2 protein chains.
Amino acid sequence: MSRASDRAYSQIRNMVLSGDLAPGEQLREEQLAEICGVSRTPIRDALRRLESESFVRRNDSQRSFVADWSLDDMEEAFELRAMLESHAAARAAVRVSPEQVEQLRRCNQAIYRAIAGDAPDIPAFLEQNRIFHAIIMEASASQRLALMLSRIIEQPVVLRTALQYDREDLQSSGREHDELLAAFGRRDPDWAAAVMKSHIRRAFHAYADAHKRGSGRQVEGG
Amino acid sequence: MSRASDRAYSQIRNMVLSGDLAPGEQLREEQLAEICGVSRTPIRDALRRLESESFVRRNDSQRSFVADWSLDDMEEAFELRAMLESHAAARAAVRVSPEQVEQLRRCNQAIYRAIAGDAPDIPAFLEQNRIFHAIIMEASASQRLALMLSRIIEQPVVLRTALQYDREDLQSSGREHDELLAAFGRRDPDWAAAVMKSHIRRAFHAYADAHKRGSGRQVEGG
DNA sequence: CGCTCGATGTTTGTATACAATATGACGTAG
DNA sequence: CTACGTCATATTGTATACAAACATCGAGCG
C-alpha cells in the first residue's frame, strides 16, 4: 500500500465515498494528480482500478466520472449481491471450520458492542460487518466468487449502506448474523442461503427507505 | 479499437487464448511492448484490463503471468456462470421482445449451419454462440450482470470451451438453444433458468471430459 | 553444509514531455 | 435562426528516461 498508485486509489475512493467528489462529477487526471501529489501515471492506474470496481465510470470518449448509482442501480446491485452471497453462504455452511465459526461469533459480539449504547459506533459496525462477511466468503472457498463480489458489488454497496441504518436496522443485522451462525451450526446450506438472502434484501429496503426520505443526499462528507 | 492499448489488449488476449503464451508463463512489459510494437505505457493498460478479466494474474511483487486455469478453477467458473446466466435467462424470459426472439431464432439457425456438414466451422459456431448469449444478456436488462459475466467469467470460459466440443456436443448445444426459445415463447422464467443451467452444466462436462482425455494440452496454438 | 547478507541485473513504478483526440465556442452560409 | 464547419482549448493517450523494488546468485560466515 505504499505505492503512489495505491495511495491515489485510496484517496480518490475515500473522496468518492465521503461525497467530496459528487456522483456524476467529472474526474480529470491532472486535477486528481495535483490533489494526490503525484503525477498522472499512478492516477491513471487508480482510475482504471476504481472503474473496474464500479466507483468510476467512463464515457465513450474515455472521460471519467464519479459513478452515479440510481435507486434502480442499487436494487440491481443488491439483487446480484443477494444471489452471490447466498450462494457463498450455502457453500460456507458445509465447509466452515470450527475456528471460523468461533471467529464469526466473536465478530458478531463486537457488532453488538458497537451498536449498544446511545451513539452507535458506525465505523466499528461497518468494519466488523465487513470482517463477518469476509470470513464467510473465505469459508465458501471460492476465489472467483470473492473476486466478483468485492470487485463489482460489495464495496460500493456495503460502504454506502450502513450509513442509512437506524438503530432497529442495526439490531436486525446482528440478529440475522446470529441466525446465520445457527444455520452454520447445523451445516444447513439451504437455511444459510435463505438467511443471507433475507439479510441482504432487508438491507436493500433500509437503503431504499432512507433514499426516499432524504432523496439525493444520502451520503454527505465530513 | 484503434488505440494502441486496445490493439495491445486484443493481441495479448489472442496470444493467451491461442496458447502462444502458455498458462503460467511470465509476461514482461518490455517484451510485450516489443511484440506489439508499442511502448510499455499502453501495455500496462492492457495488462490491467486482462487482469481484471482473469486472463492474467499478478503475484505479490506485481509481476504478471498468464492465468492458469485448473480443472477446479474451471468448475468454479462454470458454477458461477450457471448461476448468473440462468438468472439472466429468467429475467430475459419475461422481458424479451419479439424482435429479440426473432434474432435468437436466426442466430441459432446460423449455429446449425455452422455445425452441419463434415467439418464444423468452429469459429462461426463460437461467434454465433457468443451473439446468442449476448442477446439474452441484453434482454435480461441488467447491465451489472452483463458486466460481471463478461469481465470475470464468460470470455475465458466460453472461448476455451467450444474447442473441446465434439459433434454431438455441438448438436446438443443447438437443441438447448431451441428449448430456451420455447421457454421464452411461454415467458416462463423458471423453465428458461433451468434450461440455461443445464446448458452450462453440460458444457462443463464436455470440457471436463476433453480435459481428462487430452490432459494438459486442450488448447494448442495455430 | 546450510544460512545470511549483499551485490548486481531485471522488472515494475513514476515523472514528464509531447501527440492525438474530443469538446465547445464562434463565425459563416444557407 | 439554424446548421454546419473550423479553430482553440481541454483532456486523454503514448513514448521515454529515470527511480524503486525485487529476484537471483554468489561470497562469507556459522
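Details
- Boolean, B:Gly19 is more than 13 Å from DNA strand C (Cβ to nearest atom), touching an Asp or Glu at 6+ places or on another chain (Cβ under 7 Å) and not assigned by TED's automatic domain parsing to the domain that holds B:Arg151: yes
- Listing of helices (runs of 4 or more DSSP H) fully contained in the range B:112-211 that carry 2 or more residues being more than 14 Å from chain A (Cβ to nearest Cβ) and touching a Leu at 6+ places or on another chain (Cβ under 9 Å): B:122-140, B:155-161, B:167-185
- Selected residue [in contact (Cβ under 8 Å) with a residue 12 or more places away in the chain and closer than 25 Å to A:Asp209 by Cα] from A:Glu51, A:Glu75, A:Glu29: A:Glu75
- Summed over the range B:13-52, residues that are within 12 Å of DNA strand D (Cβ to nearest atom), surrounded by fewer than 17 Cβ atoms within 10 Å (Cβ to Cβ) and not charged (D, E, K, R) total 4.
- Extreme residue, nearest to A:Arg202 (Cα to Cα), among residues of the range A:70-82 that are surrounded by fewer than 16 Cβ atoms within 10 Å (Cβ to Cβ) and within 13 Å of another protein chain (Cβ to nearest Cβ): A:Glu75
- B:Glu53 being within 22 Å of B:Arg130 (Cα to Cα) and assigned by TED's automatic domain parsing to the domain that holds B:Ser140: no
- For A:Leu80: the one exception among (1) more than 10 Å from DNA strand C (Cβ to nearest atom); (2) at positive phi; (3) not hydroxyl-bearing (Ser, Thr, Tyr): (2)
- Checklist (1) near DNA strand C (Cβ under 7 Å from one of its atoms); (2) surrounded by 14 or more Cβ atoms within 10 Å (Cβ to Cβ) applied to A:Arg3, failing item: (2)
- Qualifying residue in the range A:83-91 (condition: facing another protein chain (nearest Cβ under 10 Å), within 16 Å of DNA strand D (Cβ to nearest atom), modelled with pLDDT under 95 and in a helix (DSSP H, G or I)): no
- Which numbered condition B:Ser10 fails, given (1) at pLDDT below 95; (2) surrounded by fewer than 15 Cβ atoms within 10 Å (Cβ to Cβ); (3) among the small types (Gly, Ala, Ser); (4) away from DNA strand C (no atom under 14 Å from the Cβ): (1)
- In the range A:31-64, residue nearest to DNA strand C (Cβ to nearest atom) [restricted to those that are more than 16 Å from A:Ser5 (Cβ to Cβ) and away from chain B (no Cβ under 11 Å)]: A:Ser61
- Selection over the range B:175-202 of residues that are surrounded by 21 or more Cβ atoms within 10 Å (Cβ to Cβ) and either at pLDDT below 80 or within 28 Å of B:Arg213 (Cα to Cα) (or both) gives a count of 5.
- Qualifying position, being closer than 18 Å to A:Asp169 by Cα and surrounded by fewer than 16 Cβ atoms within 10 Å (Cβ to Cβ), among A:Arg106, A:Arg113: A:Arg113
The values are calculated or read from the model by the stated rules, or taken from the named source; none is laboratory data. Not measured: the values here are computed from a predicted model. A quick note on method: Cβ atoms are made from the backbone with ideal geometry, for glycine too, and the neighbour counts reach across all protein chains shown.
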